[in-house]
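Trainee: Next up is a structure, given as structure tokens.
No value in this document is a laboratory result; all are computed from the given coordinates. The structure presented is a predicted model; accordingly, all values stated were derived computationally and were not measured. All Cβ positions, even for glycine, are placed from backbone atoms using ideal geometry, and neighbour counts span all protein chains on display.
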Amino acid sequence: MYRPWVPYLCLFLAALFAALLTTPLARRIAWKVNAVDYPDKRRINKVPIPRMGGIAVFLGIVAAFVVQYLGTKFLNWPMILSPAPHLQNVNYRLLALGFVAIFVTGLLDDVFQLKPLQKLAGQIVAALIAVASGVVIGVIVNPATEGAFYLGIWTYPITVIYLVAYVNIFNLIDGLDGLASGLACIASFTMFALSIMSGRTDAAALAIALSGSTLGFLRYNFNPASIFLGDSGSLLLGYTLGVVSMLSVTRVAGLTTIIVPLVIAGIPIIDTFSAIVRRKRAHVSIGQADRGHIHHRLIAEGFNQRQAVLLMYAWTALLCLGTFAMTQVSVIPRIGIFAVLLIISAVIAARLHLFRPVLLHHTDPSTGQDELVCPQDPEFEQEKEKFEESHPDKIHHRS
């Protein structure tokens, strides 16, 4: 007797074992092309670590869909890659090209350290391919009034912005061993469950493939990591989760359905938003790296890498459970659950001082040029004291 969960289990296991088997290969490739993160004052790793783990995650996803193809062809599995009947078809071959585009962009960045605009261009190309494949939101339905809001021509730029944003929030959160891959594993499994409930088999298949792939990769990426995701992995994670969330709402979306993936990715979103605010308050470029991210703050609070990562896993799991509950209740309780999750996250963000800047400036006496000073630099405390003496009214703005 056919069991509908069997194909999904096979996809999960195929992705998991493929990632397990290919991660050592990815590590060897990274060492060979010198795609390595060497220790410096702005990194947490104390020894050189290769950073092309995205190869294993990508191959895990590919393996899952090879198994899906074989199951459909030889075992009479149903065609999972098919959108719901009432929605417009998605061109999956074109969408697959989008995955190749984002993976190659990350791969090139791992090897050649692309300039920010070059990396952004690759992300936009991948997002445009997804839009061209039919993965867009055209109509948003208000759950309170059942009224429809048509995006019209704005459908396409909004979808591109959404996907590029999703890509970058996972790129920014990738700062501790196993952090981004673990959060993606939890988020993708949640999206899998929600996609099954909504009848979106294509979104469910992609989500469970990512869940298996990231879980297999975690064998090597959890602290102490022997390989990092690199941009080839972090960009791929964000793009995949963004596409999964879009597949679940393609063409017609309830407002709650749009909010759910944003709540699931709550930690990366909070981290990115706080980084923008923090750097604006410090009067530096929003692209300027600092050590004020959630994981840095947890480390500063005295947690080790494993403890910090596990705390962020727990926070993400809470948000994911909340989104699941939101989909099971009516509008008013749904708003209440969302408010509770928002308050809890806001309290944590305030407790960790996520919006407080960690960057100062000083003039380098040897060059006469202005440069940034971080808390890890020997001159930081001296510059901080000088700043507080000359700006007593702004002490609360900088640390």
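Trainee: What net charge do the residues around K32 carry, taking every other residue with its C-beta under 14 Å from that of K32, with Lys and Arg at +1 and Asp and Glu at -1?
Mentor: Charge balance in the 14 Å sphere: +2.
Trainee: Let me ask another. So if each residue of separation counts as 0.36 nm, and I subtract the Cα-Cα distance between M79 and V66, what length gain in nm does that give?
Mentor: 3.4 nm
Trainee: Grab the beta carbon distance between K280 and K32, set R0 = 51 Å, and tell me the FRET efficiency rounded to 0.05.
Mentor: Approximately 0.80, to the nearest 0.05.
Trainee: Could you give the length gained on full extension between V47 and F324, defined as 0.36 nm per residue of separation minus the Cα-Cα distance, in nm?
Mentor: 95.7 nm
Trainee: While we're on this one: Tally Lys and Arg at +1 and Asp and Glu at -1 over the other residues with C-beta under 14 Å from the C-beta of T23: what net charge comes out?
Mentor: +3
Trainee: Sticking with this structure for a sec: Quick one: length gained pulling F273 to I344 fully straight, 0.36 nm per residue minus the C-alpha distance?
Mentor: Full extension from F273 to I344 adds 23.9 nm.
Trainee: For the range 153-295, what class follows from the C-alpha gyration tensor (a ≥ b ≥ c being the square roots of its eigenvalues): rounded when a/c is under 1.5, otherwise prolate if a/b is larger than b/c, else oblate?
Mentor: Judged from the Cα gyration tensor, the range 153-295 comes out oblate (a/c at least 1.5, b/c at or above a/b).
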